[in-house]
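K.L.:
Would you mind keeping the following structure in view while I ask a few things?
The values are calculated or read from the model by the stated rules, or taken from the named source; none is laboratory data. Small disclaimer: the values here were computed from a predicted structure and weren't measured. Cβ placement follows ideal geometry from the backbone for every residue including glycine, while neighbour counts extend to all protein chains displayed. Surface accessibility is based on the protein's heavy atoms, side chains included, excluding ligands, DNA and RNA. Shrake-Rupley method; radii C 1.70, N 1.55, O 1.52, S 1.80 Å.
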Amino acid sequence: MKKGSGLDGAQAAVSFMEESGSFNCGRGACLTAEGKVELDGAVMWGKGLAGAGVGSVTCTYSPVSLARWVMENTEHVLIGGERCADYARLAGMRIENVQPSKSSWAKFLVLKKEKSHAKALEMVRKLNMGETVGAVAVGSDGIPAAAVSTGGRWLKLPGRVGDSAILGAGIFADSRTGAACATGTGEEIIKCALSFKACEYMRETSGPEAARKAVGFVTKTRGRDTAGIITIDIRGRVGASFNTEAMGRAWYDQGKGRAVAKIR
Ligand code: ASP
């Protein structure tokens, strides 16, 4: 970022996507097996490994803002469930009774028509219904940061918390290396500590190469169609890699002097 902190930048990008209703997060989140919205999110700032996540949030469409508050106002790195509302109140956030969007509800009804839960999950896989959102940035102070937000996985068990709430899994930032943010099957991403791994690779290599290596690792150990990752190293070199068919991504290309977006 030319001006300001990487954390403010990454959080602003994610908040915008939470509000848009166009992704699997915030107002557009996917639904649990019971047809409800439960959101996860996290922020991390490379300086001193500051960060926090929130899981299974039902009181705000912006878990990323709540995570930022937890990071700055408590000594904890993970808060979950109904009591999140107490902290959202303390944070001065508006308490909302989060509800499925029209389009998420319509998708849910289609999935519910499948003969079994297994068949419905197969359909989720086929349609590539992911779209967790995340952002990584290096601030004008040279400190990397990451932010992430998601509704999790379609038809997840109520109470399930995924990688996007967990530092090291869905998100990581370290001022010695860079920042990373993952998407995909949360359970596999957690088992691989994928974002931490990508940042560790950045000790010896660039952001783009670290993303490739991290996805290489998850593909080898957990199989294809499991994950994607975005990275930025402290020199500002951005990377993105995935073992799924597609992963929407966009970045500012300094050489071209404009933003670039890609899906495949
Ligand atoms: N990683 C998210 C989760 O498992 C889902 C996704 O990225 O689409 O909660």
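K.L.:
Checking residue 43 against (1) open to solvent by less than 30 Å² (accessible area, probe 1.4 Å); (2) of a type in the set (Val, Ile, Thr); (3) at pLDDT below 95, which test does it fail?
P.N.:
That leaves (3) as the condition not met.
K.L.:
Restricting attention to the stretch 115-152, report how many residues are within 25 Å of residue 246 (Cα to Cα), open to solvent by 40 Å² or more (accessible area, probe 1.4 Å) and either outside any helix (DSSP H, G or I) or within 16 Å of the ligand (Cβ to nearest atom) (or both).
P.N.:
7
K.L.:
On the given criteria, is residue 172 more than 11 Å from the ligand (Cβ to nearest atom), assigned to a strand (DSSP E or B) and either touching a Phe, Trp or Tyr at 6+ places or on another chain (Cβ under 7 Å) or open to solvent by 40 Å² or more (accessible area, probe 1.4 Å) (or both)? Give the derivation first.
P.N.:
Values: more than 11 Å from the ligand (Cβ to nearest atom): yes; assigned to a strand (DSSP E or B): yes; either touching a Phe, Trp or Tyr at 6+ places or on another chain (Cβ under 7 Å) or open to solvent by 40 Å² or more (accessible area, probe 1.4 Å) (or both): yes.
Considered against the rule, which asks whether it is more than 11 Å from the ligand (Cβ to nearest atom), assigned to a strand (DSSP E or B) and either touching a Phe, Trp or Tyr at 6+ places or on another chain (Cβ under 7 Å) or open to solvent by 40 Å² or more (accessible area, probe 1.4 Å) (or both), residue 172 comes out as yes.
K.L.:
Follow-up. Quick check on residue 198: is it in contact with a helix residue (DSSP H, G or I) (Cβ under 6 Å, 6 or more places away or on another chain), farther than 22 Å from residue 70 by Cβ and buried (at least 21 other Cβ atoms within 10 Å of the Cβ)? Break it down stepwise before answering.
P.N.:
Numbers: in contact with a helix residue (DSSP H, G or I) (Cβ under 6 Å, 6 or more places away or on another chain): yes; farther than 22 Å from residue 70 by Cβ: yes; buried (at least 21 other Cβ atoms within 10 Å of the Cβ): yes.
Considered against the rule, which asks whether it is in contact with a helix residue (DSSP H, G or I) (Cβ under 6 Å, 6 or more places away or on another chain), farther than 22 Å from residue 70 by Cβ and buried (at least 21 other Cβ atoms within 10 Å of the Cβ), residue 198 comes out as yes.
K.L.:
Listed residues 63, 100; which is within 14 Å of the chain's Cα centre (by Cα) and under 20 Å from residue 159 (Cβ atoms)? Outline the logic, then answer.
P.N.:
Working: 100 fails: within 14 Å of the chain's Cα centre (by Cα).
It is 63.
K.L.:
Would you check if there is a residue in the stretch 210-221 being assigned to a helix (DSSP H, G or I), within 10 Å of the ligand (Cβ to nearest atom) and modelled with pLDDT of 95 or more?
P.N.:
No: zero hits.
K.L.:
Mind listing whichever residues of the stretch 236-264 are away from the ligand (no atom under 16 Å from the Cβ) and touching a residue at least 60 places away in the same chain (Cβ under 8 Å)?
P.N.:
Step one: of the stretch 236-264, the residues away from the ligand (no atom under 16 Å from the Cβ) are 236-239, 250-262, 264.
Hits for the stretch 236-264 are 236, 238.
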